[in-house]
Amino acid sequence: MGRAAILTDPQAAARSGADVAMLTDLSECIGCKACEVACKQWNQNQAETSAFLGSYQSHPGILDNTWTVIKFVEDINESRDMSVESWQFIKTNCMHCTEAGCVTACPVDALTYGRMGTVELDVDKCIGCGYCEKGCPFGAVAVQAQVFDTDKKAGKCTLCVDRITNGLPPACVQTCPTDCIKYGSRDELIRWGRERVAKLKARGFANATLYGENELGGLHQLYVLLDSPEKYGLPVNPQVSPVLKAVRQVVYPLGKFLLGATFFGLLINFFASRNLSEPKDTDAPKATVQS
Amino acid sequence: MTTALWDVPRTDLVVFMGSNAAENHPISMKWFLRAKENGAKFIVLDPRFTRSASKADWYIPFRSGTDIVVLGGLIRYAIENNRIQRDYVVHYTNAPLLLDPKFEFHEGLFTGWDEDAKTYNRSTWTYQTNGSGQPLRDDTLQHPNCVYQHLRRLYSKYTPEMVSRVTGIPVETFLQLAEEVTATAAPDKSAVFAYAMGWTQHTKGVQNIRTAAILQLLLGNIGVPGGGIAALRGHANVQGATDLAVLWHDLPGYLGTPRSSHRTLDEFIERTTPKTGYWINKKKFMVSLLKAWWGDKATPENDFAYHYLPKGRADKHAYSHYDIFQDALDGVVKALVVFGQNPAVGSADATRVQQALAKLDWLVVVDIFQNDTSEFWKLPGVDPRSIQTEVFFLPAAGPLEKPGSFTNTHRLIQWKHRVIEPIGESKGDLWYANALALRLKRLYADSTKPQDEPIKYLHWDYGAGIDEEPDSELVLKEINGYEWATRRQLSSFGELKDDGSTAAGCWIYTGVYTEQGNIAASRNKNADDYLHHGWGFAWPSNRRVLYNRSSADPQGRPWAESKRLIWWDGQKWTGLDVPDMLPVPPDGYNPTYGVGGDNPFIMKEWGVGGLFGPLQEGPFPVHYEPIEAPVANLLYAQEKNPVARVFSRVGDVRQFPYVMTTYRLTEHLTSGIMTRWLPWLAEAFPEPFVELSPELAQQHGIRTGDWVRVATARGEARVKALVTRRLKPLVVDGRVIYQIGVPIHWSTRGIVTGEIANRLTPQFQDPNVQIQESKAFLATIEKLA
Amino acid sequence: MAAATRAKTGNQVKNGKVRRFGRWSIVCHWLYAACFLTLLVTGFGLMYDWLDFLAGAGSRLVHRYAAIGLAIMPLLYLVGSGREALSHIREAFRWSKDDLRWLAVAVPYHFTGRPKPPAQGFLNAGQKLNYLVVITTFVVFVTTGLIMWFLRPQLTVADQGVFWWAVMLHSAAAWVAASMFLLHVYQAALHPFTRASLRGMIDGYVTLEYALFEHPKWAQQFVGQSGSKPANR
Ligand code: SF4
Ligand code: SF4
């Protein structure tokens, strides 16, 4: 038996090419940030030191060079016995949505639905406009905008597509000391997650849930949660912004139609008006001159 | 640790006390979580709600420095409610043995206290024996002089109410805890206690652990599956450093150190070795060690070169870390060689350490980075013009740049290979040691003075000349031991002899490098063996769970089907692990060792676990307040550990009203040298902070993110405030006590910097191992503009 | 009306031509046009796949610089052209029935030459419309552009809608402005009725014939003025 973190043989997964996913069992995350470091190391992303955030959190959120961030959430219920307060560590990263706001938002198709269920970002195509950042319902992709920059690009978790397509588990999965980040075929993970949730419910976590199974057409980052998603700062029923959808589905076509119609109207006019003559003094509306 | 992490998932109860494994031993945490998965209850007791607490079923805050009261209360509860595993206690521990009738305990002191000498005369701390030297015993545990009754009387004061008054744990909570813990006295139940610096860094550090050991023995939880005391070691190789005695009070393999009063080898052995149990072989280990060090120059005729060993001065109590710096301050120590350490930041009362460094003639620092010790003259508050110390910095190779072995927390020795060549001019520690040793030997080669012989005749052969790369496998081979004449590698310490025919650098490691090769490098994955024999080598004898004979009842049958580990199959001891037992049937007796087949603790006298066990401050652990405590000792007139050592200034509770504790974070390692210089780790936790409760913060008008000054009688540090409900004010003896906590990782050098927290901590030391009391002392706090 | 139609600088009439725009206005017009065109091209790079080659980090930078240019241009115009600018803007907002009637027949008229639209002043209704579109889209571009440029980092996931509203208005304005721009250019450069007007945006003067043809209510004041005799062709 290999590591408890690996649910499907990564070699087999790479050969089959079917959808894979990660599942983070937050009931076992110890907030050690090893995954953050492994992610930076594998992807050779620059360190970016944040100011003191008043908690154990390293960065305010996902940054273009910081693709996975453990969020530290203290949940203290005053009315309860002090022994049952909770301190949650939430590994955030791109969810690799089936219906991805970032893909919808990206104006240059730098973001695409990629291999093995991932959402891939082509950094060479990326122009740093930040639309994806605002299209993502999870704050999982970021562009560090500056007033006049040309080198800023979007950055987000790749699901280690360069590793998984070559039969290696993602770097964070490889490093997590508690094996709480699982990797495997998406179906396998969902099966595992459901079982795990049932177990947790039996242990008294009535609100335990598997997150990501159906959200946005199915996420490729799943979570086992001990409590409802809000407690973890995860959106219940996340949606791609309807305004974004309207922009892409209504405004763009309408605008293109308007411009196109104008163009063709003028083209027709160009030929139709060919025989009309330019104003000469004789053509001048005499009445006006005389008045 | 007595057990293996692989065995932890078999437990029924995990208790973290003085441990924050999630943060400080994250790799080990997996096994505790597995135990929880398997249905074990997981309880964390800690002054702070830590990342470990977040994973527990139950978190109980208590006042730092009162562990013995909690554990003593549990012992009392177990005894009073008969929640002990009686068969185990009677047969496997010294509970039934009768103590000297004159031995007693009164108001915090045991018999034999010499107020003038500030030390104990231990003459009454002994058993009553019959004519043949056998201890008298009462297996009914009723005799007033038996160890068990002593325990009962000693802890009778540790009532739930008293526990609550001293520790701040509500009575109800404590009773629930006691129920949970003592339920594991059942033969088919076990509990594991995990500890680390939270227990050790006190003036009674060793006694904290002793108390837990006593409790676990009473509950029958040592040597059984899922049982034991899990001592979590902080660095990759701290266990190895201890085993190989990078210490002042031991020779490799826990052989102790001779004093000037031990004039001959035999005298040393005689005075420091029990007459029963496996230690009667100590001379074999000792002679083999001397043979490994001085080879042909260690002969029966010269007492195996015993006189080459340095001996402690009769007038000097200890040569510990803090004594070195004290001696430097006193002008006794004039030069210092520091390998892989940064005491100017990492040691308690860092200002004193810095002052000591300034007194040295010269200082050598071997490290992978320039650090605050090698550049101590640049530290704030230090005037470089007044310092004459000459400093040499030698660049060291990092862990991946050299081959060698790590001995990890569960005594598992694993070989690692070199991954990359050392960068630039840096060299491994072994290279430096070899270069230094060979240079010294050259210097003394022509000396005829007898005092130079230890160096002149030192047996040193690691396959490299001066400035050449030594072969680290040769070092491991020597540690393992070999037959002197043939150089045949030995496979068990049973082969060691006291006639000079064998050499071994650390007897407990014998078996790690045999004729079969480097066993530490073995990597056999055997899915069926949950203890993973075939992966690396665990000392002793590749045994994964120590004292595992106690997993079977006196007749040699497992206590419970679910707790099978070792058993007697009619012919021999066998089971899932390498049996920790002499080849004696359950009803047999080995007169050589004085150990019966139902005495599993073969390293101990008569093979029984030590409920009674003399240490510097007494044979039983009792509660003493920390040197700096916010309340008086509610249990005894003797307030503090009478033999604790106090080097630093002691603060007054009126000036410093809060209980302070220091600790480490997952993101950084000790003084931060290996982490704050690495951008990816530096960013993981960039700034130093103090954690405090909202109640205390409010009193000082402090909000999260404010700069605050934390001060103690030693010094002060400016850090950011982190106000959190994870710290709770406690009610101790009717008063509200606030606790604050500061991590120790920052210094003025590195990618991320901060003020040095160890300027706050005290040099108040435990008398047994000289560890500082950096987990419980007094401080005050103030908001900075 | 008289004050409004009197150009502030230079001769009103010269070599049989009448002055339509001041020099500063012309400069501003072309600068604005340049910025607008740059913005349009760099913006449309994001919206049309076949213009992908125009999208890029560099063109984003150009877009931002051009946006600054565009944003300050009206200010320069108002400061530099003062009364002229004001009078033009005022006129653009002053709509009469004739304007509406003009608009009603504008399409057939520009295709066939009839029906003849009612006489127009300094600005015909089409030009007024252009002014209005330019002004409105300018306001939209600047406000939504500022949001997209400077507010984006501050917007959380919860108020992403704000960003997308900005994008929606920005792009809608772009298409409206682009369509109007196309019309405007076509009229000024290609349509037989109005292509003579281009001169007015080059040297500031148009022929009296053209002025009388397209803007009779305004041009009649020049008839008979010295030097304004229609040149013989
Ligand atoms: S989580 Fe965000 S960045 Fe990742 S695929 Fe979904 S929308 Fe895109
Ligand atoms: S490595 Fe695993 S346990 Fe550590 S923070 Fe990441 S997810 Fe959590």
Ignoring ligands and nucleic acids, what accessible area does A:Lys256 show with a 1.4 Å probe (Å², nearest 10)?
70 Å²
Let me know the Kirkwood hydrodynamic radius for region B:596-704, please, with Cα pairs as the basis and the value in Å to one decimal.
19.2 Å
Put a dot 7 Å past each Cα toward the Cβ at A:Asp151 and A:Thr49; how far apart are the dots in nm?
2.0 nm
Considering only B:Phe174, B:Pro540, B:Thr675, whose Cα is most displaced toward the positive end of the charge dipole of chain B, charges sitting on Cβ of Lys, Arg (+1) and Asp, Glu (-1)?
B:Phe174
About the Cα centre, charge dipole magnitude for region A:3-239 (Lys/Arg +1, Asp/Glu -1 at Cβ), debye:
440 debye
proj_area_mean for region A:136-291 (convex hull on C-alpha atoms), units nm², value 20.7 nm²
What FRET efficiency comes out for B:Ala527 versus B:Thr574 if R0 is 25 angstrom and r is the Cβ-Cβ distance? Round to the nearest 0.05.
0.75
Ranked by accessible surface with a 1.4 Å probe, highest first, in what order do A:Met22, B:Met603 come?
B:Met603, A:Met22
Shielding of B:473-483 by partner chains, average beta-carbon count, 10 Å:
0
Once the in-chain neighbours fewer than 8 apart are removed, the aspartates and glutamates whose Cα is under 14 Å from B:Lys783 read B:Glu691, B:Asp706, B:Glu716
Need the C-alpha centroid separation for region B:460-518 versus region B:726-748, integer Å.
49 Å
Computed on Cα atoms, the radius of gyration and Dmax of chain B in angstrom are 26.0, 77
Report, to the nearest whole %, how much of the accessible area of region C:15-226 belongs to carbon and sulfur atoms, 1.4 Å probe, protein only.
72 percent
When the Cα centres of region A:181-249 and region C:44-102 are compared, how far apart do they sit, in Å?
47 Å
Proximal charge balance of C:Ala166 [Cβ under 10 Å; K/R count +1, D/E count -1]:
+2
Longer than 26 Å from Cα to Cα, which of B:Lys275/B:Lys456; B:Lys189/B:Lys275; A:Lys71/B:Lys36; B:Lys30/B:Lys189 are they? Say none if no pair is.
B:Lys275/B:Lys456; B:Lys189/B:Lys275
Which far-off residues, 5 or more places away or on another chain, put their amide H under 5 Å from the one on B:Gly505, with H placed in the peptide plane?
B:Ile479, B:Asn480, B:Gly481
Please work out, to two decimal places, the log10 of the ratio I(q)/I(0) at q = 0.12, 0.14, 0.17 Å⁻¹ from a Debye calculation in which every Cα of region B:127-238 carries one identical scatterer.
-0.59, -0.79, -1.09
Cross-link list B:Lys359/B:Lys427; A:Lys156/A:Lys201; B:Lys282/B:Lys311; A:Lys134/A:Lys156: which exceed 23 angstrom alpha carbon to alpha carbon?
B:Lys359/B:Lys427; A:Lys156/A:Lys201
Counting alpha carbon pairs within less than 8 Å and at least 6 residues apart, what relative contact order, in whole percent, applies to chain C?
28 percent
Solvent accessible area, Å² - A:Asp9, 1.4 Å probe, full protein context:
80 Å²
Report the semi-axes of the equivalent ellipsoid for region C:1-159 in whole Å, largest first, where each axis is √(5λ) for an eigenvalue λ of the Cα gyration tensor.
35, 21, 16
What share of all Cα pairs of region C:102-221, in percent, falls into each consecutive 5 Å distance bin?
2, 10, 15, 18, 14, 10, 8, 7, 6, 5, 3, 1, 0
Burial ranking of peptide ranges A:66-75, B:423-432, B:753-762, C:41-50 (average Cβ count within 10 Å, highest at the top)
B:753-762, A:66-75, C:41-50, B:423-432
Once the Cα gyration tensor of the protein assembly as shown is found, what semi-axes does its equivalent ellipsoid get, as square roots of 5 times the eigenvalues, in whole Å, sorted largest first?
83, 32, 30
Net charge near A:Val103 (other residues with Cβ under 15 Å of its Cβ; Lys, Arg +1; Asp, Glu -1) is 0
Which far-off residues, 5 or more places away or on another chain, put their amide H under 5 Å from the one on B:Thr514, with H placed in the peptide plane?
B:Ile519
Hey, got the dipole for region C:15-226? About the Cα centre, +1 on K and R Cβ, -1 on D and E Cβ, debye to the nearest 20?
580 debye
Spin-label zone in region B:452-470 - amide nitrogen under 11 Å from a point set 7 Å from the Cα of B:Arg442 along the C-beta vector
B:465-468
Can you report the principal axis dimensions of chain A using only the alpha carbons, biggest first, rounded to whole angstrom?
98, 51, 37
Ratio Rg/Rh, restricted to region A:5-117 and using Cα atoms, in which Rh is the Kirkwood radius
1.03
Suppose R0 equals 41 Å; then what is the FRET efficiency for B:Asn590 and B:Arg313 from their Cβ-Cβ distance, rounded to the nearest 0.05?
0.55
How much area per residue is accessible in region B:554-641 when the probe is 1.4 Å and only protein heavy atoms are counted (Å²)?
36 Å²
With a cut-off of 19 Å, note down the residues of region B:104-135 whose backbone N falls inside the zone around a label point 7 Å from the Cα of B:Val646 toward its beta carbon.
B:108-110, B:114-120
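The values are calculated or read from the model by the stated rules, or taken from the named source; none is laboratory data. All figures in this text were calculated on a predicted structure; none of them were measured in a lab. In this analysis, Cβ positions are derived from the backbone assuming ideal geometry, glycine residues included, and neighbour counts consider all displayed protein chains. Ligands, DNA and RNA are stripped out before the accessible areas are found, and what is left, the full protein with its side chains, is counted by its heavy atoms. Shrake-Rupley method; radii C 1.70, N 1.55, O 1.52, S 1.80 Å.
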